[in-house]
Structures are given as C-alpha cells and as structure tokens.
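Right, one structure below, let's go through it.
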Amino acid sequence: MSIPEQGREVAVITGGASGLGRALGECFAERGLRVVLLDRDGERAEAEAGALAGKFGVDAFGSAVDVADEAALRAAAEGVADRFGRADLVVSNVGVQLFGAVERLTDDEWRWVLDVNVIGAARTAQAFLPLLRAAPHGRLSFTTSSGVLAPAARLGVYQTSKFAVWGLAETLRLELADDGVSVSVVFPSGMASRHLETSTAAQPDHVRREIGGPEDYAAMVASNPEMVRNPVSPDVAAGNIADALLAGERYVVTHGDLVAAVAGRGELLREAAVVARDRTPGPDAGAASG
Ligand SMILES: NC(=O)c1ccc[n+]([C@@H]2O[C@H](COP(=O)([O-])OP(=O)(O)OC[C@H]3O[C@@H](n4cnc5c(N)ncnc54)[C@H](O)[C@@H]3O)[C@@H](O)[C@H]2O)c1
C-alpha cells in the first residue's frame, strides 16, 4: 500500500550535505520519509537531496542555511512548512571542530565554535519547535560527540560545546515533555568524514588558522587512544542509529566501546553523590542534636 505524500513523515537535518547528516538523510529516505537537508554548503545540500529523491522516489530538497543565522533558520522552517506542511523529526547535527590547548584558545575562537555548535543548536530547536509540536510524534535530536563520554586533550572548545549541547537537550527534554516531543542525544564516535575540511571552510576570516596541527593530534591520541581506534564511515554510523532516532530514544551511541568510560564516570559520580547524601543532615537532625 503506498503512503499518500501528505501522510509521509518529514525529516529535517542540519549539516545535512555531508557525513553523518547526509547519511541519516539517506536512511530516512530509504524508510519512506521526505527529507530536507540544510547546510551552509547549499549547492551540495541541493545535489545530495536531489540524489536521495532520485534513488528512493521520495520528495526531498536541500537548502543553504547557516545555523549561525537565526533569520535563515526561521526562513528554512517556513520553507519546510510551505513545501511539506509538517516536520516530524529535526536532527540538529551541525558541528565545527577546532583543536588547541585550552590555555592558548582565543576569545574569538571560543565565540565561533560556541556560536555555531551550541547557539546554532538552540536556534535550530527554536525555529522548528512550532512544527514539531504540531506533529503527531515530534522528535528532536542533537548530535554531540563521544568526547562527551570519554574526553581527550586538545579538544577543549569542541568538547565544551558538545557538553553544552547535551545540557541543552536535557533541558528541552523536560520543557517539551508535555508537548509529546521526544529529545534524543546522539554520541558519535570517530567517523571518516569531511569534518576537518568543512570546519576549515566554515571558519570566519577573523579566526582562520589550521584546525589542528600534528602536535595537537598527538596529544589528543596520547590522552585517549580509543578516540581514534577503528573509525567507521558515516553510512555505517547512520545505519546503526536511524531507527533509534525515529523511535525518539533518549541516548544514542553510534559505535565503538564506551562502556568502561561511561561506567567508570557513573561510579565516580555515584560515590560523590553518596558522600554528599551521607553528610546531609536528615529532616529531624537539628532537633536530635539540639
Ligand atoms: N567525524 C567525527 O569523527 C565525529 C565524531 C563525533 C561527533 N561528530 C559530530 O557529528 C556531526 C557531523 O559531523 P561529520 O563528521 O558528519 O562532518 P561533515 O563535515 O561531513 O558534515 C558536517 C556538515 O555541517 C556543515 N556545516 C558546518 N558549519 C555549518 C553551519 N554554520 N551551518 C550549517 N551547516 C554547517 C558542513 O558544511 C558539513 O556539510 C558534527 O556535529 C560533528 O561534530 C563527528
């Protein structure tokens, strides 16, 4: 039985022209969703959306949108509403990378990465929330990084931004609970993508420099060798998680073995919480000691 066009769900993906975003678009198109790829590289977004439409026979379009531009995101949401009348799944997936020891990062570098990765994610949510609330089952997903679960040195500004995106997602999950919009947090591990190339292309002139040099890379690997072990293609990573995003699962890990890192941190946090609980006087402690 074929689904009438207006009955098909719509997935919107930022950073959708390349890597994980494009590959998720392919997974969703393969499952019969209509797909919108938003990216600062508009030409590539249009070409990739055209390829998905041709391959899977679904309606798809790509458009130039910089997530640093609030008006462009709002216009994109209007464009999706005009063309499809709905958005069911919005994947906030843009992330730019910049290596560097924390003590050498400049204010302008902090501002660039946080503006794109963090405020860009918040702007994306703000622009698309009216459509997601109106959807029968709205889902919002945020791409963070395995660096949040198992950090490495020299990724200070990037990891800070991804921790902040996680915080944004946790807050929105609570704020949207009554609206029936689920919120997912995606933790990708290493993927062989164009990330350094697209981050270089996205750098504004006033922060232009090498995204990362050999010395930063060596320090990163020395601090966390697992981070660069066995990268997978974005297609594999997306294939692993597409159904979890459609199901609105809360935490979604793409690949790799982060079990010990997650358990180890969880145990340390639990111990700290137990110590605090045990030093906190109970409700009648004052009366007993007084
Ligand atoms: N590649 C990895 O190893 C890896 C690991 C963990 C997390 N991630 C995260 O996964 C996500 C996808 O990364 P990827 O590896 O597929 O990279 P990618 O470079 O292949 O894709 C990222 C896309 O985002 C676009 N983009 C960059 N700045 C933008 C902006 N301001 N507005 C709109 N679009 C913009 C780029 O043009 C590019 O098409 C990112 O959030 C990244 O931080 C990547």
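The values are calculated or read from the model by the stated rules, or taken from the named source; none is laboratory data. Worth saying up front: this structure is predicted, and the values here are computed from it rather than measured. Using ideal geometry, Cβ is built from the backbone for each residue, glycine included, and neighbour counts are taken over all protein chains shown. Accessible surface is based on the protein model in full, side chains and every heavy atom, while ligands, DNA and RNA are left aside. Shrake-Rupley method; radii C 1.70, N 1.55, O 1.52, S 1.80 Å.
Structure summary
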read-out: Qualifying positions in segment 75-113 - of a type outside the set (V, I, T), surrounded by 16 or more Cβ atoms within 10 Å (Cβ to Cβ) and more than 30 Å from P4 (Cα to Cα); value: G95, Q97, L98, F99, G100, L105, E109, W110, W112
read-out: So V165, is it in contact (Cβ under 8 Å) with a residue 12 or more places away in the chain and under 19 Å from A242 (Cα atoms); value: no
read-out: Failed condition for S161, given (1) farther than 30 Å from P214 by Cβ; (2) part of a helix (DSSP H, G or I); (3) open to solvent by less than 30 Å² (accessible area, probe 1.4 Å); value: (1)
read-out: Residue count, segment 164-201 (criterion: of a type in the set (D, E, K, R), out of contact with any helix residue (DSSP H, G or I) (no Cβ under 9 Å at 6 or more places or on another chain) and within 12 Å of the ligand (Cβ to nearest atom)); value: 1
read-out: Close pairs (6 angstrom Cβ cut-off, 6 or more residues apart or separate chains): in contact (Cβ under 8 Å) with a residue 24 or more places away in the chain and closer than 25 Å to R194 by Cβ in segment 92-108, open to solvent by 20 Å² or more (accessible area, probe 1.4 Å) and of a type in the set (F, W, Y) anywhere; value: Q97/Y158
read-out: Complete set of residues in segment 202-230 that are surrounded by 15 or more Cβ atoms within 10 Å (Cβ to Cβ) and out of contact with any helix residue (DSSP H, G or I) (no Cβ under 9 Å at 6 or more places or on another chain); value: D216, A219
read-out: Output for segment 232-256, where each listed residue is buried (at least 16 other Cβ atoms within 10 Å of the Cβ), within 11 Å of the ligand (Cβ to nearest atom) and in a loop (DSSP other than H, G, I, E, B); value: T254, H255, G256
read-out: Of residues in segment 34-56 being away from the ligand (no atom under 15 Å from the Cβ) and out of contact with any Gly (no Cβ under 9 Å at 6 or more places or on another chain), the one farthest from R83 (Cα to Cα); value: K55
read-out: Residues being within 23 Å of R133 (Cβ to Cβ) and either touching a strand residue (DSSP E or B) at 6+ places or on another chain (Cβ under 9 Å) or among the small types (G, A, S) (or both) - total across segment 41-92; value: 24
read-out: Residue in segment 11-33 that is buried (at least 24 other Cβ atoms within 10 Å of the Cβ) and of a type in the set (S, T, N, Q) present; value: yes
read-out: Failed item in (1) within 16 Å of the chain's Cα centre (by Cα); (2) in a helix (DSSP H, G or I); (3) buried (at least 19 other Cβ atoms within 10 Å of the Cβ), with S189 passing the rest; value: (2)
read-out: Qualifying residues in segment 125-149 (those that are assigned to a helix (DSSP H, G or I) and within 17 Å of F28 (Cβ to Cβ)) - the one most open to solvent (accessible area, probe 1.4 Å); value: L131
